[in-house]
Amino acid sequence: MIMMIHPLRTSSLLFLLLLFFPPIICKHFLPVVMWHGMGDNYLGLSGIKSFIQSNVPSNASIFVHSLRIGNTVLEDTENGYLLNANKQVEFVCKELLSMPEMEDGYNAIGFSQGSQFLRAVAQRCPKPAMRSLITLGGQHQGVYGIPHCPDGDKYCNYIRRLLNFGAYWDWMQEDFVQAEYWHDPLDEDTYRKKSIFLADINNALTINELYRTNLKRLKNFVMVRFNNDTMVNPVESEWFGFYTPGQATEITPLIKSSLFDKNLDPLGLRWLSDNGRLKFLEVDGNHLQFTKKWFLANILKPYIYTDSD
């Protein structure tokens, strides 16, 4: 005997099932790409990766990729010192383009020098599309000092002068990463001409229209400054501020610099600000010192757990 099921009863049954047992909808947030800082490696961000994945809202998931430059943990760490920054950025651009997870775009979080490296990715490689860029303690205008070096310390200033003396030599620029974002305010002309990385991505010598156009595509550009930072000199570099040219004491903030000039706007930062896309956050702590509570409330919820594919 063949059992016949009445279509009206079937519809009623489906309605009741959907009413009491609604389907589970899994929301997929845009993936996150992270780039570690100097002296660290991709495994050093494992805790952050787990935190991002474990705090997504219910019925949601997120893919997090911590960049590794090299085949091993040791290589990744060493390359943070010794592999030309331009080569690192090129490698990352190709890797992201090959990853199917990034096809619909991604959000990026940079830690220390990983910040300006990811900004270079945004400016040079529009595909796949970076939606939001979050930089934690980045050196966007470079550095003119060594870690834990007070301005008044004669020994530290001596070391700084030594680095300054050779930072713009061709072989130093080619093989020493930190020299590639060394910014000498006492010799701006040499910096603009010899810096093979920072001066280039900051459009310091000539304006690369592609860089400006691509950066203006960001939905959010969030810069986090650590007010008690002893690693980045000057700390204002984390917000695109820097020493006023010709000396190394007074600071010119971004809003008073040529980078914010509404007519020139060489990087599009003024445009991003005028359109509510440039965000300035600050933490009263040392370099990369923040709590999970702060990270969740100020970074993840407003900028990461928002966009979905």
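The values are calculated or read from the model by the stated rules, or taken from the named source; none is laboratory data. Values in this document were obtained by computation on a predicted structure and should not be read as measured data. Reconstructed Cβ throughout: ideal geometry from the backbone, glycine too, with neighbour counts over all protein chains shown. SASA here: full protein model, heavy atoms, side chains in, ligands and nucleic acids out. Shrake-Rupley method; radii C 1.70, N 1.55, O 1.52, S 1.80 Å.
Dipole orientation for the chain: of the candidates S195, P100, N208, P100 has the Cα lying most toward the positive pole (charges on Cβ; Lys, Arg +1; Asp, Glu -1). Remark: accessible surface ordering of I134, I207, I255 (largest first) is I255, I207, I134, probe radius 1.4 Å. Across the options L269, V235, T249, the greatest Cα extent toward the positive end of the charge dipole of segment 212-279 (unit charges at beta carbon of Lys, Arg, Asp, Glu) belongs to L269. Among residues other than N107 with Cβ under 11 Å from its Cβ, the summed charge is +1 (Lys and Arg +1, Asp and Glu -1).
For the residue pairs K49/K293; K27/K216; K94/K292; K127/K216, the alpha carbons lie more than 20 Å apart in K27/K216; K94/K292. Out of N41, Q123, F165, whose Cα points farthest toward the positive end of the dipole of the chain (charges: +1 Lys, Arg; -1 Asp, Glu; placed on Cβ)? The Cα lying farthest towards the positive end belongs to Q123. Within the chain, the longest run free of GluC sites (Glu not before Pro) that sit in a DSSP loop with at most 16 other Cβ atoms within 10 Å is 104-249. Placing +1 on the Cβ of every Lys and Arg and -1 on the Cβ of every Asp and Glu, with no other charges, gives the chain a dipole of roughly 1160 debye about its Cα centre. Residues whose amide H lies under 5 Å from that of D307, counting only those 5 or more places away or on a different chain, are L30; hydrogens are built 1.01 Å from N in the peptide plane. For a test of the definition: using alpha carbon positions, the gyration tensor, and the 1.5 limit on a/c, classify the chain as rounded, prolate or oblate. Prolate shape, in that a/c is at least 1.5 and a/b is the bigger ratio. Annotation: amide H of F226 within the under-5 Å range of G137, V283, sequence separation 5 or more or interchain, hydrogens built in the peptide plane.
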